[in-house]
Amino acid sequence: MLGELDAVGDVCSRAGCTAEPAWRVNWRNPRIHGIDRVKVWLACDEHRDWFDAYLTNRAFPVVVTPLDVTVERVP
Ligand SMILES: [Zn+2]
């Protein structure tokens, strides 16, 4: 089921967390990433809000989607 996610791994991206992810945290750093660049972290249910807050606190654009939904851009 998670084979298509080989590039980013198949566990939650939070350090030390080995839970199965349920969400994609799509983000970019506007200072170094172009508008068409999308960085992706995977998040379990528990850490979804942690990633969202982490990026929002840095004023980085972030879009959280279900694991099987990809986005082309993070406005
Ligand atoms: Zn996690």
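The values are calculated or read from the model by the stated rules, or taken from the named source; none is laboratory data. Keep in mind that this is a model prediction, so the values were computed, not measured. We place every Cβ from the backbone using ideal geometry, glycine too, and count neighbours over all the protein chains shown. Accessible surface is based on the protein model in full, side chains and every heavy atom, while ligands, DNA and RNA are left aside. Shrake-Rupley method; radii C 1.70, N 1.55, O 1.52, S 1.80 Å.
Of all residues in segment 59-75, those that are under 16 Å from PRO30 (Cα atoms) have Cβ atoms under 7 Å from Cβ atoms of residues that are charged (D, E, K, R) and open to solvent by 80 Å² or more (accessible area, probe 1.4 Å), 6 or more apart or on another chain, in ARG73/ASP36.
Filtered by the rule that a residue be more than 18 Å from ASP10 (Cβ to Cβ), touching a Phe, Trp or Tyr at 6+ places or on another chain (Cβ under 8 Å) and among the aliphatic types (A, V, I, L, M), segment 21-63 gives VAL38, LEU55, VAL62, VAL63. Considering only segment 29-62, state which residues are more than 16 Å from the ligand (Cβ to nearest atom) and acidic (Asp, Glu). Once the filter is applied, which keeps residues that are more than 16 Å from the ligand (Cβ to nearest atom) and acidic (Asp, Glu), segment 29-62 yields only ASP36.
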